[in-house]
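Any read-out appearing in this document is the output of simple, stated calculations on the displayed coordinates, not a laboratory observation. As the structure is a prediction and not an experimental result, all values here were calculated from the model. With ideal geometry, Cβ positions are generated from the backbone for all residues, glycine too; neighbour counts draw on all protein chains shown.
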Amino acid sequence: MNDAIVSEDWIGGLESVSCAVCGSSRHRVRVVNHDRSHGQPGEFTYVACRDCGHVYLNPRPDQAAIHAYYPATYKEYAIAVDDEPDRFLRANRQYGLTRRCDVITRRRPPGRLLDVGCGTGLLMNAMRHRGWDVEGVDFTPDAVRAARERFGLPVVEGTLESARFPSASFDAAVLWNVIEHVPDPAATIAEVARVLRPGGLIVMATPNVDAFDARIFGRHWALWEAPRHFNLFSPTTLGRVCERHGFERVTAESVVGTWFGLITSLQYVWEDRMGVRLRPGDGERPFWDTGLPFQALRALALPYTLLADRLAAGSTMVVCADRRA
């Protein structure tokens, strides 16, 4: 039974899709939500596949419409860490960037790295300083321009598929907060397998729909990020796609984002109770996770976040796998 709820005030066209993991069109409604982080219009329905359990947005904005949901304040278009005027935020962002780099460097020595959805090039630049030969691709012109001008990075404007990198030309590929956005994640993962050398590493950071926070907060969970997140994977469902499209030895861990998931979900609960709802044109919202007064709460929440990390149940999971020979 297809029982998704369709909103009448979305921007642009809609498309109905089937499950990206198993292809089934049978689903049930998991949650109905709105754009909490940027206030774009519309109500958005996430459904769960009745055959494999995968969670995805259906219907969703088509490719002609989705760009309207990525305003200039979208957080992935962040300025360079060194350009951050606030010292606390600068230190906080540098810590997160270091953790991201460590995921790669503790698994592979320096080689050729492809950053898919590289944004303004922050990770590429950091990995270049660690001895890697880097290349990136991103479909957003302003982000590509920033990566080229601020860091002098080699970035292709477009999608991974349109870039047509040579086969077996990279030792590692990173998709950090990317796979949940692409319209066909299986095709993207297969293309990554093509451009990686045998034994090459894929690293994907993405929301974990099986996270503790997702179960606790329901529609207030911070990582729904409707409607920009098309697919919300679990370690099992994403691992299944990887294994079908050229990868083996799939692992999942919680490395970053656990605190953000918790505090931002709490913020969304508070906003609903106070009747606060962001509207287009309101500007960039302040998130509690970067607020200095909330760091005492961060310390109090440490037992929870450490447990979630240890059990790979934080809001963000990092999935790694090796390309089969």
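Under 5 Å from the amide H of VAL156 lie the amide H atoms of GLY136, VAL137, ASP138, each residue being 5 or more positions distant or on a separate chain, with H modelled from the backbone and absent for Pro and chain starts. Helical runs (DSSP H, four residues minimum) scored at -39500 (n - 2.57) apiece and divided by the length of the chain put the mean residue ellipticity at 222 nm at -9000 deg cm²/dmol. Between ARG310 and ARG324, residue separation times 0.36 nm minus the direct Cα-Cα distance comes to 2.3 nm. Highest-first packing order for the peptide set 48-59, 117-128 is 117-128, 48-59, based on the mean count of other beta carbon atoms within 10 Å. Between amide H atoms placed 1.01 Å from N, distances below 5 Å from VAL255 occur with VAL318, all of them 5 or more places distant or on a separate chain. If both residues of a DSSP beta bridge must be in the chain, then about 60% of such bridges are antiparallel.
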